[in-house]
Amino acid sequence: MMTNKISIAVHGGAGTISKKLLTEEIESAYLKGLKLAVDAGHKILKEGGTALDAVEAAVVVLENNTLFNAGKGSVFTNQGLHEMDASIMEGKNLMAGAVAGVRNIKNPVVLSRKVMEETEHVFLCGLGAEELAHKCNLEFMSPDYFFDSFRHDQWIAIRDTETTQLDHSDKKFGTVGAVALDANGNIAAATSTGGMTNKRYNRIGDTPIIGAGTYANNKTCAVSCTGHGEFFIRSVVAYDVSCLMEYKGYSLKDACNEVVKNKLVKIGGEGGLIAVDTKGNLELCFNSEGMYRGYKQNDEEAVCSIY
Ligand code: ASP
């Protein structure tokens, strides 16, 4: 189906983002970071590229930005390491790839795409995933590349406790993600994260779990989530949005609202998601105080916001 419509949306995490913690300078740095990601994805769509290329490119831009908890700037585990999760999915053929607990890989989302395209598997973790990254000549970085002093301080404050914290102490979830519709009517989604500060036991959240943090199906929608991962896994959030559309005939908007503002709230799951359908409708929906987000449809101006 040729729609000629193009849409892209990105997120950089959701949570209690209190205005007093964000100076004007930091706020504009976040908005700029989001816009750069939107523009990177939009440029690909505008030139006739695929939704898959667009979401990957947008997420790479966010992974390379220290402000967000993904790639460079990922949070610290209990052992003072960075262990990252990512996933990607294509709506036209339900192909998907995901990685969990990977270290030192510059762009985990690129590796998740390699899992999808270069192996017959969907989900790889740890050393095995890193072995694939070596085989595909992906870029590895030393631990100091991922270092961010703000996140280091967050970890120092709680590393001797049992507490696990979602990114900022004010409960900001800094995961990143993108969804897109290309001119051929195909949709895709990608998500990437450093997970939770002080995480242990190789904890993995919803981000790399297809159906929980990421999902795409041309019949319904493409979804990328951010929030308290355990709740998103238990609610199978991304797939639930798709199911409400497929089986109950919900619109994209109604499906997102039902899952984020009703079902998740009932079990105490804080966060949000971005979603697109094949008509180019976009939803950027959250039940927290804010969500770093941005979007651009066709040739309209990009819109980026936080609260
Ligand atoms: N959902 C992510 C996780 O639980 C965190 C986030 O969205 O920031 O790992």
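The values are calculated or read from the model by the stated rules, or taken from the named source; none is laboratory data. Note that the structure is predicted; figures quoted are calculated from it, not measured. We place every Cβ from the backbone using ideal geometry, glycine too, and count neighbours over all the protein chains shown. The protein model used for the area step is the full one, side chains on, heavy atoms only, and it has no ligands, DNA or RNA in it. Shrake-Rupley method; radii C 1.70, N 1.55, O 1.52, S 1.80 Å.
For every residue, the table says whether it meets (1) open to solvent by 10 Å² or more (accessible area, probe 1.4 Å); (2) in a helix (DSSP H, G or I).
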site: L45; (1), (2): no, yes
site: A54; (1), (2): no, yes
site: H82; (1), (2): yes, no
site: V109; (1), (2): no, yes
site: H121; (1), (2): yes, no
site: L132; (1), (2): yes, yes
site: F150; (1), (2): yes, yes
Could you please tell me which pairs satisfy a Cβ distance under 6 Å, a separation of 6+ or placement on different chains, a first residue in segment 3-32 that is part of a strand (DSSP E or B) and away from the ligand (no atom under 16 Å from the Cβ), and a second residue that is open to solvent by 40 Å² or more (accessible area, probe 1.4 Å) and modelled with pLDDT of 95 or more?
S7/Q297
The strands (runs of 3 or more DSSP E) lying entirely within segment 201-307 that contain at least 1 residues which are at positive phi and crowded, with 24+ Cβ neighbours inside 10 Å are 221-227, 271-277
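For segment 244-252, check the following and say yes or no: at least one residue is modelled with pLDDT under 95 and more than 13 Å from the ligand (Cβ to nearest atom). Please lay out each step first, then the result.
First pass over segment 244-252, keeping only residues modelled with pLDDT under 95: none.
No, because not a single residue in segment 244-252 is modelled with pLDDT under 95 and more than 13 Å from the ligand (Cβ to nearest atom).
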For the structure I just gave you, tell me whether L31 is open to solvent by 10 Å² or more (accessible area, probe 1.4 Å) and either modelled with pLDDT of 95 or more or within 24 Å of A216 (Cα to Cα) (or both).
yes
